[in-house]
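One structure is given below, encoded as structure tokens.
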Amino acid sequence: MWGDTKKPPAGRPGLKRGVLLRGIVVILTVAAFAAVLREADFAFGPDELKGWVDHKILGHGAAGMLMFVVAGAVFTGLGLSRQILAFVAGYAFGIATGTGLALAGEVGGVMLAFFYARFLGRGFVARKFPRRIRQVDDFLKASPFLMTLAVRLLPVSNNLAVNLVAGVSSVPLVPFFAASAVGHTPQTLVFAMIGSGLTDGLIVKSALAVTLFVASVWIGVYLYREYRRGKTFGPEIDEALEDSAAGAISNSPTRPSPQ
């Protein structure tokens, strides 16, 4: 795969159209599912979900919202879908409040996985991802905030793996958590918008969601392209880009050829 002769110049990757298209298809699929929920009379549909949230969450004021955030942190900290959390939050609380609560839960999930790896699961993570830990250290150390932000904005990395590997690496806490919060915001807003569209304006909100998704992804591509300085975060991102940092490094004349 890295042996292709026709490549863009090293260090100037763009996102493959198929990767971007898959992200858009996911958003439109969720929007279509939301439309079905709104129109169909399921035994457990939007009204029942709303009633459950009203009773269990909204009916308990600030304590209920805190419970939602804690549950969201555990949910996403285990590697489950933060998009689902944002969708439910948007439907239950509206765009602004739903985005804020879902994002708080997601950042809590990042922290849970990060601190588990750093203080409790270091041996497990080190055995499972030994090469990736060195790679992440090398990739993030020059610009930890910007490069973490780039990885969070690109729709191709495994969030749980990123959190675990970062926990064992030497990445500083504050830039990693801050960049994770900023980088998670666009997709959280996207799915909260779709969730809130169950009540009205689903088509318009879905169109805005796709636009926001595309814009945020290209910001991630720009940051990755401009600040990686010849390094790579991992093969999943390299394969999604139109060239490969890893390929450029491995083909460098200063690096000895494998025997």
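For region 152-204, what are the residues that are under 16 Å from Phe114 (Cα atoms) and outside any helix (DSSP H, G or I)? Once the filter is applied, which keeps residues that are under 16 Å from Phe114 (Cα atoms) and outside any helix (DSSP H, G or I), region 152-204 yields Ser157, Asn158, Ser169, Ser170, Val171, Pro172. Report yes if Gly100 is surrounded by fewer than 24 Cβ atoms within 10 Å (Cβ to Cβ), modelled with pLDDT of 85 or more and in a helix (DSSP H, G or I), otherwise no. So Gly100 passes the test. For region 126-165, taking the residues that are over 20 Å from the mean Cα position of the chain (by Cα) and not charged (D, E, K, R), the one that is nearest to Tyr227 (Cα to Cα) is identified as Ala142.
Over 15 Å from the mean Cα position of the chain (by Cα), of a type in the set (Gly, Ala, Ser), over 18 Å from Ala73 (Cα atoms) and not in a loop (DSSP other than H, G, I, E, B): does that describe Ala207? Before you say what the answer is, go through the steps one by one.
On the way: over 15 Å from the mean Cα position of the chain (by Cα): yes; of a type in the set (Gly, Ala, Ser): yes; over 18 Å from Ala73 (Cα atoms): yes; not in a loop (DSSP other than H, G, I, E, B): yes.
Answer is yes for this residue.
Exactly one residue out of Gly94, Gly18 is modelled with pLDDT of 80 or more and within 24 Å of Thr185 (Cα to Cα), and it is Gly94. Of the residues making up region 118-139, one or more are surrounded by fewer than 24 Cβ atoms within 10 Å (Cβ to Cβ), touching a helix residue (DSSP H, G or I) at 6+ places or on another chain (Cβ under 8 Å), under 30 Å from Trp218 (Cβ atoms) and basic (Lys, Arg). Selection of first residues in region 181-197 that are without any contact (Cβ under 8 Å) to a residue 24 or more places away in the chain and surrounded by 24 or more Cβ atoms within 10 Å (Cβ to Cβ) and of second residues that are hydrophobic (A, V, I, L, M, F, W, C) and outside any helix (DSSP H, G or I), restricted to Cβ pairs under 7 Å at least 6 apart or on distinct chains, gives an empty result.
The values are calculated or read from the model by the stated rules, or taken from the named source; none is laboratory data. Here the structure is a predicted model, which is why all the values come from computation and not from measurement. Virtual Cβ from ideal backbone geometry, glycine too; neighbours counted across all protein chains shown.
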